[in-house]
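Peer 1: One structure, as structure tokens, below. Some questions next.
The values are calculated or read from the model by the stated rules, or taken from the named source; none is laboratory data. These numbers were taken from a predicted model, which means no experiment stands behind them. Surface areas here come from the heavy atoms of the whole protein model, side chains and all, with no ligands, DNA or RNA. Shrake-Rupley method; radii C 1.70, N 1.55, O 1.52, S 1.80 Å.
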Amino acid sequence: IIDHIPVPVRDFEAAAMFYDPVMATLGLIRRKQSTTSIGWGPDAVLPPIFWILAREDASATSGIGLHVSFRARSRDEVHAFYDTALAHGGRDAPPAR
């Protein structure tokens, strides 16, 4: 069973500004933070379930075979997550060929 997922990011501050509102749509808040990592999770659960890690030499990119899904309580939460991500600079994946 997977307990939590870390994702490397090049621009740590920009990623934090992106993920704060996006994670909030699912009820996930910052649970832990250091100068090089932030973890989000539901208020009642430790440890955080999703992390970003500052990595200037490497970051996650689309199309590398990594797929992270979050559990939503409703279709409305799914749409709020998607819409918030796009509003904060996220991009939709290109359609499969």
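Peer 1: List the strands (runs of 3 or more DSSP E) inside region 25-97, counting only whole elements, that have at least 3 residues being modelled with pLDDT under 90 and open to solvent by 100 Å² or more (accessible area, probe 1.4 Å). Walk me through it before giving the result.
Peer 2: Numbers: elements: 28-33, 37-42, 50-54.
Fully inside region 25-97 and qualifying: nothing.
Peer 1: If you don't mind, another one. Considering only residues that are open to solvent by 30 Å² or more (accessible area, probe 1.4 Å) and part of a strand (DSSP E or B), look in region 1-24 and name the one that is modelled with the lowest pLDDT. Write out each step before concluding.
Peer 2: Step one: list which residues in region 1-24 are open to solvent by 30 Å² or more (accessible area, probe 1.4 Å), which gives 1-6, 8, 10-11, 13-14, 17-21, 24.
If we keep only those that are part of a strand (DSSP E or B) too, we end up with 5-6, 8.
Numbers: Ile5: 81, Pro6: 86, Pro8: 89.
Within region 1-24, the match that is modelled with the lowest pLDDT is Ile5.
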